[in-house]
Amino acid sequence: EAKPEWRTENRYPLSDRQLLKGEYLYGIRFQKDTQYCLLDIDRQSPYHPSNSPLVLDRLFEVLEPLGITDHIVCTSSDSQGIHIYFPIAKAFNSWKLAKAVSVALENAGFKLKLGQLELFPNPKAYCTDETPSLFNAHRLPLQMGSYILNDELQLTNSSQAHFVRMWNFCQRRNTLNTRRLRTLLKKTKQV
């Protein structure tokens, strides 16, 4: 599959009508705060369930102590990669969430790597010059080639209404364990 050529457009807000037309692929970058995080696992990755059937259970176990217990799995595109969304009940600082989740995953032996296992928001580097460092962007769900998967990772549908219902359900259940997050962030400062 050919990689899309992304460009940032911020002259006007994105409308539902533009998304529904399906003429373009749309992505989004994280801002200062977020109410979700996302794992992107490519088809060729050793972390893809078709290459390692129990890997997702291990990933989910790592996130449970952080208060992240529920998720939505979608195909990312026709490439058979997957996006796993973790909606969160309250807004949280994007960088702190990214750093804590990345440390939890790495402490459990997972390696975040482009094209293998990617975290959004990404734990971007601190920027000291005038040019701000942006979070990496990811595709919005349910565009061409993206479908919701069930617990057996079978295609179920691409209904936006169903996705929103699932999102709201997960969001109510995923209440971050801020004490655990703070502990992980403190450990990163000591390294």
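Can you list which of the DSSP-assigned H helices in the chain have a Cα extent of 15 Å or more along the long axis and an average Kyte-Doolittle score of at least -0.5? Correct list, ordered by number: 94-107. Taking the average, over residues, of other Cβ atoms within 10 Å as the packing measure, peptides 15-27, 76-88, 145-157, 55-67 rank 76-88, 55-67, 145-157, 15-27 from highest down. Each of S50, L66, C37 was placed along the dipole of region 1-86 (beta-carbon charges, centred on the mean Cα), and the one lying farthest toward the positive end is C37. Accessible surface for the chain, divided over its residues, is 63 Å² per residue with a 1.4 Å probe. Over 21 Å apart at the Cα level, from the set K32/K111; K99/K187; K21/K113, are K32/K111; K21/K113. Across the chain, the mean sequence separation of Cα contacts (distance under 8 Å, 6 or more residues apart), normalised by length, yields a relative contact order of 30 percent. The alpha carbon convex hull volume per residue for the chain rounds to 133 Å³. Computed from backbone phi, the HN-Hα couplings of region 23-28 come to 6, 10, 8, 10, x, 9 Hz, rounded to whole numbers (Karplus: 6.51 cos²θ - 1.76 cosθ + 1.60, θ = phi - 60°; Gly and Pro given as x). Residues of region 70-91 falling in the label zone of Y147, defined by backbone nitrogen less than 17 Å from a point 7 Å along Cα to beta-carbon, are 73-84. Taking 0.36 nm per residue of sequence separation and removing the Cα-Cα distance, the A137/R7 pair yields an extension gain of 45.8 nm. Nonpolar atom fraction for region 1-142, defined as the carbon and sulfur part of the 1.4 Å probe accessible area, stands at 50 percent.
Rounded to the nearest 20 debye, the dipole magnitude of the chain is 860 debye, with +1 charges on Lys and Arg beta carbons, -1 on Asp and Glu beta carbons, and the Cα centre as origin. Backbone amide hydrogens, once placed in the peptide plane, bring Y36 within less than 5 Å of I88, excluding anything fewer than 5 places away on its chain. Of the Cα atoms belonging to region 1-88, the radius of gyration and Dmax stand at 15.5, 44 Å.
Residue by residue, region 41-52 carries 3J(HN,Hα) couplings of 10, 6, 4, 7, 5, x, 8, 6, x, 6, 9, 8 Hz when phi is fed to the Karplus relation 6.51 cos²θ - 1.76 cosθ + 1.60 (θ = phi - 60°); x denotes Gly or Pro.
The values are calculated or read from the model by the stated rules, or taken from the named source; none is laboratory data. Note that the structure is predicted; figures quoted are calculated from it, not measured. Methodologically, a virtual Cβ is constructed for each residue, glycine included, from the backbone with ideal geometry; neighbour enumeration extends over all protein chains shown. Note: areas computed on protein heavy atoms with side chains; ligands, DNA, RNA excluded. Shrake-Rupley method; radii C 1.70, N 1.55, O 1.52, S 1.80 Å.
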